[in-house]
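Taken together, the values in this text are just the output of simple stated rules run on the coordinates, not laboratory data. Note that the coordinates shown come from a computational prediction; the quantities given were computed from them, not determined experimentally. FYI the Cβ positions are ideal-geometry reconstructions off the backbone, even for glycines, and counts take in every protein chain you see.
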Amino acid sequence: MAYGPGAGVLALRDVDLDVAPGTAVGLVGESGSGKSTLALAALRFLPGDGRVVRGRVELGGVALDGLSSAALRDLWRRRVRLVPQDPLASLNPSLTVGRQVAEGLAGDPAGRDGEGTAGASPRGDRARDAVRALLASVGLADAARVAASYPHQLSGGMQQRVAIAMALGGAPELLVMDEPTTNLDVTTEATVLDLVRDLRERHGTAVLYVSHSLAVVARTCDRVAVLYAGELVEDAPVAELYRRPLHPYTRGLLDSLPRVGQDRRAEPLRPIEGRIPEAHARPPGCVFADRCPVAIERCHAERPALDDAAPGRRVRCHRWPEIAAGTLDPRRPAEPPARAHDALAPDGDAPALSVRSLSKRYPLARGAWAALRRRPARAVRALEDASLEVWRGRTLGLVGESGSGKSTLARCVVGLTVPTAGEVALAGARLAPRLEHRYRARLGELQMVFQNSGEALNPYLTVGESLARPLRRLAGARSGGEIEARVRSLLEAVHLPAAFAARVPGELSGGEQQRVAIARALATEPCVLVFDESVSGLDVSVQAGILDLLTRLQDERHGAYAFISHDLAVVAYLADDIAVMHLGRVVESGPASAVLRPPYHPYTEALLSAVPTLDPDGQAERVRLTGDAPSPVDLPPGCPFHTRCPRSLGELCEREAPPWRRDASGKTVACHIPLEELVTAQVPLFADAGDAGAGPAAEGAAP
Amino acid sequence: MTRFLARRLGYLLVTLLVTSLLIFLITQLLPGDVARVILGREASEPALQALRERLGLTRPAPVQYLTWLVAFLRGDWGTSFATEQAIRPLVLERLGNSLMLAGLTLAIAVPLAIALGVAAALRAGRWPDAVISVASLAVVGLPEFVTGLVLIEVFAFRLRWLPANASIAPEAGFLEALPMLILPALTATLVLLAYIARLTRASVLEELGRAYVRTAVLKGLPPRVVLVRHVLRNALLPTVTVVAISVGWLISGLIVVENVFNYPGLGRLLTFAIDRRDVPLLQAISLVAVLAFALANLVADVLYAVLNPRIRLG
Ligand code: SF4
Ligand code: SF4
């Protein structure tokens, strides 16, 4: 199939792909690969200015081209369905969930049913029962209540289940899922992925699963198709693709993904250099030639064909026979390890950053009536008594679901949010809670990089000017020559060419912008750097480059890093120490190698179980959390995790706050269950965790 | 919801209080000597003094304001200087006439504007959109007295379908009055049409681009259902607010329209009061107009909240 808007730019070129009934095919690619276009094209849903230039879509052997609009509607109603990426935006905000699911039922003549009043429940007992059955089948326990709710009243995970139920209402032969878990917490993502697997087995639906994440696809799919710049470059059964990728791009993607337990110094990630060509500027030869480490002359001149490498395996590369035979290594040569030794031992006698008993409450507005009757004021407890330390030359990873308070903590540290109680100290000296009260000289010592820092660069300033400002204001650089020299060395530090100083942000890619943001944070030579989701939202190949960059910068400059991410694999890769947060509290902390193996805090166990890993088989027995986290307003007494804890001891956990327990590895866990019992009850979730990275706690995590 | 209502009512009261103060200040204190304004430049000093006493102008301003407000609230709106009649029945009768005209205008303008806006949005960028946009902009650029006179020329003088004069008798019922009402209502409609239509067009276009519309289409729903059940339900929410705001425009538009057609409404009474420097009448009319506008806004707010589950259910 070739597909492109009328203007003549081809979004997809010669892609052909089969999905057999009852199987799931993963469609993986980075941004700009055309994967979402392909997904919609498979549904015969074309954006206004797009058209299929060549090729066709067949369903059950019958071509779907040239359908009348009525036939197309029938196709959408009963045979192919989409599960969209953003469930909240994809549900109508002013209709009840039940009504929306009902009108998606294949047999229901929703089209002819007249207009009811706003929010009326689906008409007819049959429809109502069918809706409830559907909602129950996607694991929504209280189906009647969910059906009567509006989308905004449900949590993200429930919204996505509703969207899936809605799609299943058509009993479709093909289900196209477009990044259905991208905005969900790992714990929720894991349950949704389990659900997809289960549905496929039960209903025999064919699934086309679009994702940017190889790990997520490994967990749900039988086959994976890798898309690059609008072309299919490799297509293989999951296990084979991960074990023996044949295309250099697939290899590059896999090498860009951090694995839990990988030592970032001994075995750094290998990012893919360069960037994906724009649709109108694709090279005449192999689309990947510019970035391929093993490109030869032929690659630039001649477009490779999609060869059948083995039964069920296809690859588009001139050199696959050599790669398959093992005579050619398609990897980029890794940079020599930055340093021979492992993570730095704590440096100096005071932590570079320490956070002591930090709490943040947002009082809820109290109605006049409640105030009159002297009801106690309620508050959202964003942060409760959290304490942490970050040492020079080490990285502290902060993990937890959304709402766990990790971003609030970061904002309190840099002074953007004023904590209700507790204090923040830099190298032993207490910092004023408010940013504007902090000494200017000290501002430069503590810097923060946000998720969108790169996008937030002033679009009218050149990169050089953006970097010069903190140098002038906070680092005391005066003469033009000095500033110029320092801008150059900053760009060099983040692996950008010096010529970038003259460019404006609009001319840079997302990854390059984020590098500039990091360079700007480095300008004042801070001793503490806080990264809040700084690599989230970047493509894996770009993310890998930045993770390597951070490792190298830290080894050179001995900074103390606090790294917040929802991506546990990234945190596990980068962090020397890990703190796990749940509902505003730290529930477990310690050296990374110790946190990543038993005994785990039951919440950590659930969180780590949810991490999708590349290993498609041999997933250890998984712990799944059911239900949503309690609201941070009405926290249950006792252990805040007891409502969801699979290991809860019952009454004790419901009544009393858990004690802190510490083991020989130096990690602390807040739980009623003694660590000795936890370690015997739990299985290690990552085979190689802790073996490679010999931190200070290398010997004996077990008590 | 109850708390929301209570808060909105509170706002309404505060608004009215503040505007009553403003009205009082502007009409009574700012022009200097009200007695002289009323009696004219040649009036003798004793006559002026007598009038001041009668109007209570010799007392301190806060006392004057409070007396006026309390009397107003108790239903004693005073007597008109110009006609020596009690103000309340006069204003209420004219208000009824104006509401009749306004109601008819809204009944024509709102559905028509929404239909035009939706039609333009569905054909955005193509010729029907361009025609609707240009035409509505052209009409909104013309003042009411021009459009009014053109309509009179065409429908009353050339075609002789409708009367040019709308001076309805006080005892006339709605049906008798209707033929006279049509031309003024059409003129006022033209004032509102472009505004509501353009905002409807914008909000329909915005909703059409949302992901839930794609979801609805991909469920295989017919286009009409997608439009009515999904798009319009959300797109018309802002229109509710727009209509309320346009009531403000309508009030000021009616002043001109009523004068053009010689229609016995509040607007013409207002011009009369200004002409005759009838201060108490002016105050009563202003306050009633503000109340009408504030109520329209309140109704719109409540309606918006009731129709929008994200507000209704928090
Ligand atoms: S065809 Fe050449 S450039 Fe393309 S992936 Fe294969 S080796 Fe690399
Ligand atoms: S204290 Fe109890 S509820 Fe909390 S994590 Fe431990 S076992 Fe679970």
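Quick notes on this structure:
- Chain A: relative contact order in percent, alpha carbon pairs under 8 Å with at least 6 residues between: 13 percent
- Its Cα centre serving as origin, the protein assembly as shown has a Cβ charge dipole (Lys and Arg +1, Asp and Glu -1) of approximately 2440 debye.
- Between A:His300 and A:Arg202, residue separation times 0.36 nm minus the direct Cα-Cα distance comes to 30.6 nm.
- Summed residue charge, Cβ within 10 Å of A:Ser407's Cβ, Lys/Arg positive, Asp/Glu negative: 0
- Distance (nanometres) between label positions extended 7 Å along Cα→Cβ at A:Glu651 and A:Val504: 7.0 nm
- D_trans [Stokes-Einstein, Kirkwood Rh over alpha-carbon pairs] for the stretch A:590-689, 25 °C, 0.890 mPa s, µm² s⁻¹: 170 µm²/s
- Proximal charge balance of A:Arg81 [Cβ under 10 Å; K/R count +1, D/E count -1]: +3
- Along its three principal directions, the equivalent ellipsoid of the stretch A:383-541 from the Cα gyration tensor extends over semi-axes of 28, 20, 13 Å, largest first.
- If only the Cβ of Lys and Arg carry +1 and only the Cβ of Asp and Glu carry -1, the dipole of the stretch B:2-73 around its Cα centre is close to 460 debye.
- Lys/Arg +1, Asp/Glu -1 at C-beta; the stretch A:590-689 dipole; positive extreme among A:Pro674, A:Thr626, A:Pro591: A:Pro591
- Think of each Lys and Arg Cβ as +1 and each Asp and Glu Cβ as -1; about the Cα centre, that makes the dipole of the stretch B:87-312 roughly 980 debye.
- Max mean-square fluctuation residue, GNM over chain B, Cα-Cα springs under 10 Å, options B:Gly248, B:Gly141, B:Gly267: B:Gly141
- Applying a DSSP loop filter and a limit of 12 other Cβ atoms within 10 Å to the trypsin sites (Lys or Arg not before Pro) in the stretch B:158-211 leaves B:Arg160.
- Net charge of neighbours whose Cβ lies under 15 Å from the Cβ of A:Tyr439, counting Lys and Arg as +1 and Asp and Glu as -1: +4
- Once C-alpha pairs closer than 8 Å and six or more residues apart are averaged by separation and normalised to the residue number of the stretch A:590-689, the relative contact order reads 38 percent.
- Rg and Dmax of the stretch B:87-312, Cα atoms only, in Å: 19.9, 66
- When you filter the chymotrypsin sites (Phe, Trp or Tyr not before Pro) in the stretch B:110-205 for DSSP loop state and at most 16 other Cβ atoms inside 10 Å of their Cβ, you are left with B:Trp161.
- Farthest toward positive dipole pole in chain B [+1 Lys/Arg, -1 Asp/Glu at C-beta], among B:Ala188, B:Val63, B:Ser136: B:Ser136
- The residue among A:Ala236, A:Ala301, A:Val217 whose Cα reaches farthest toward the positive pole of the charge dipole of the stretch A:216-332, with charges on the beta-carbon of Lys, Arg, Asp and Glu, is A:Val217.
- Applying 1/(1 + (r/R0)^6) with r as the Cβ-Cβ distance of A:Val52 and A:Arg331 and R0 = 45 angstrom yields a FRET efficiency of 0.75.
- On the beta carbon distance between A:Val62 and B:Ala138, with R0 = 45 Å, the FRET formula returns roughly 0.30.
- Backbone amide hydrogens, once placed in the peptide plane, bring A:Gly638 within less than 5 Å of A:Ala657, excluding anything fewer than 5 places away on its chain.
- Of B:Val288, B:Val154, B:Val257, the one that fluctuates the most in a GNM where chain B has Cα springs shorter than 10 Å: B:Val154
- The H on the amide N of A:Gly397, modeled in the peptide plane, is under 5 Å from the matching H of A:Phe563, A:Asp576, A:Asp577, A:Ile578, A:Ala579, each at least 5 residues off or on a different chain.
- From its DSSP helices (H runs of at least four residues, each -39,500 (n - 2.57)), chain B gives a residue-normalised ellipticity at 222 nm of -24500 deg cm²/dmol.
- Cα shape, the protein assembly as shown, gyration tensor, a/c 1.5 rule: prolate
- Residues with amide H under 5 Å from that of A:Asp185, placed H, sequence gap 5 or more: none
- Calculated FRET value between B:Arg36 and B:Ile245, using beta carbons and R₀ = 45 Å, to 0.05: 0.70
- Shape category assigned to the stretch B:2-73 from the gyration tensor of Cα positions, a/c cut at 1.5: prolate
- Estimated [θ] at 222 nm from DSSP helical runs (n ≥ 4, -39500 (n - 2.57)) normalised by residues in chain A, nearest 500: -8500 deg cm²/dmol
- Trypsin sites (Lys or Arg not before Pro) within the stretch A:396-452: DSSP coil, no more than 12 neighbouring Cβ in 10 Å: A:Arg434
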